[in-house]
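A.B. asks: The structure's right below; bear with me while I get my questions together.
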Amino acid sequence: MAAWLVGLNTLKIQPFNLPSLGPHDVRIKMKAVGICGSDVHYLKTLRCADFIVKEPMVIGHECAGIIEEVGSQVKTLVPGDRVAIEPGISCWRCDHCKLGRYNLCPDMKFFATPPVHGSLANQIVHPADLCFKLPENVSLEEGAMCEPLSVGVHACRRANIGPETNVLIMGAGPIGLVTMLSARAFGAPRIVVVDVDDHRLSVAKSLGADDIVKVSTNIQDVAEEVKQIHNVLGAGVDVTFDCAGFNKTMTTALTATQPGGKVCLVGMGHSEMTVPLTPAAAREVDVVGIFRYKNTWPLCLEFLRSGKIDVKPLITHRFGFSQKEVEEAFETSARGGNAIKVMFNL
């Protein structure tokens with residue numbers, strides 16, 4: 001059985017035919033699946049960026065489970081192993097894959113990105129090399145959190161975060177928070193988090209932000225807010241992560257970052273923006289983008305194992321796998337409010 005997106009705002013638990021088990025595949029009993037903003041987007045609009053849902057699709061991609069069966073050539077996993085699952089299967093033949101940047105593969109088959117089915121199901125079949133054994137002290141829920149955490153880890157790698165990098169984070173939603181936790185694990189000495197919402201800022205503070213700044217949605221306030229950010233940071237901003245991706249957040253990021261610094265665009269709120277790029281270029285501020293992640297699961301699991309990162313406080317709501325609970329869970333996630341990560345326990 002699986003949770004199918006069958007129409008606008010309509011999810012139905014229905015039978016799901018598993019693909020056959022290939023020699024390098026494993027069959028996994030799903031145990032923990034998180035809801036991502038993209039899942040909610042698909043439910044509410046049947047699209048996310050350029051990906052459009054044209055036929056019923058199984059939803060979900062943040063997941064962990066227990067191995068039930070292994071293919072004939074699988075040597076690294078056995079039934080009973082608990083695993084975190086990387087949801088994207090790249091082709092391994094194109095130039096991007098050969099160069100190691102497989103997240104940019106044009107033929108990527110990614111859970112719950114149309115027309116590929118996702119993982120909010122009792123069982124799935126997946127390549128063994130994309131299943132990562134959980135350390136004994138890491139739970140299945142934490143395993144599922146490796147997916148959003150990977151976005152933060154990949155962003156920190158792209159921006160070269162280290163012990164001399166002072167960081168500004170625009171947006172304290174789930175991705176802003178995992179980026180903050182990642183930046184701290186990478187050694188960032190000072191981190192300031194900015195948002196429009198008091199509750200989200202208080203969560204960021206409780207998770208270890210050195211300071212928080214509440215801002216408005218009015219672009220006229222940027223100059224004043226940048227002053228405030230500089231005051232609380234007490235140093236230059238070396239790297240800004242825009243985890244929202246709007247005109248105002250990107251304008252703030254480009255303005256607040258010091259000469260020679262970097263802005264990393266993580267969130268994708270607007271597909272087009274009007275931003276002060278010329279003054280930023282004149283200060284040699286680099287702008288880098290990220291798309292998903294690559295080779296992040298081993299590091300995420302090590303951060304969780306060692307306690308360098310604790311994702312448990314991000315999981316605010318839990319639901320079972322019934323029709324009623326699936327609907328409730330997605331409504332809870334879509335409402336926002338005090339919900340950060342909504343998790344299914346299957």
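A.B. asks: How many of the residues in the stretch 18-47 are surrounded by fewer than 21 Cβ atoms within 10 Å (Cβ to Cβ) and more than 18 Å from I89 (Cβ to Cβ)?
C.D. replies: Adding up the residues that qualify gives 9.
A.B. asks: Looking only at the stretch 224-233, decide whether some residue is modelled with pLDDT of 95 or more and part of a loop (DSSP other than H, G, I, E, B).
C.D. replies: No - not one qualifying residue is present in the stretch 224-233.
A.B. asks: Further, regarding this structure: Of a type outside the set (F, W, Y) and touching a residue at least 40 places away in the same chain (Cβ under 8 Å): which single residue out of K312, K324, K248 fits that description?
C.D. replies: After ruling out the rest, the residue left standing is K312.
A.B. asks: L168 is checked against (1) open to solvent by 70 Å² or more (accessible area, probe 1.4 Å); (2) in contact (Cβ under 8 Å) with a residue 60 or more places away in the chain and fails just one. What number does that condition carry?
C.D. replies: That leaves (1) as the condition not met.
A.B. asks: How many of the residues making up the stretch 193-222 are open to solvent by less than 70 Å² (accessible area, probe 1.4 Å) and in a helix (DSSP H, G or I)?
C.D. replies: Summing the residues that are open to solvent by less than 70 Å² (accessible area, probe 1.4 Å) and in a helix (DSSP H, G or I) in the stretch 193-222 gives 6.
The values are calculated or read from the model by the stated rules, or taken from the named source; none is laboratory data. Bear in mind that the values here come from a model prediction, so they are computed numbers and not experimental data. Note: ideal-geometry Cβ built from the backbone for every residue, glycine included; neighbour counts use all protein chains shown. The accessibility values were calculated without ligands, DNA or RNA, using every heavy atom of the protein model including side chains. Shrake-Rupley method; radii C 1.70, N 1.55, O 1.52, S 1.80 Å.
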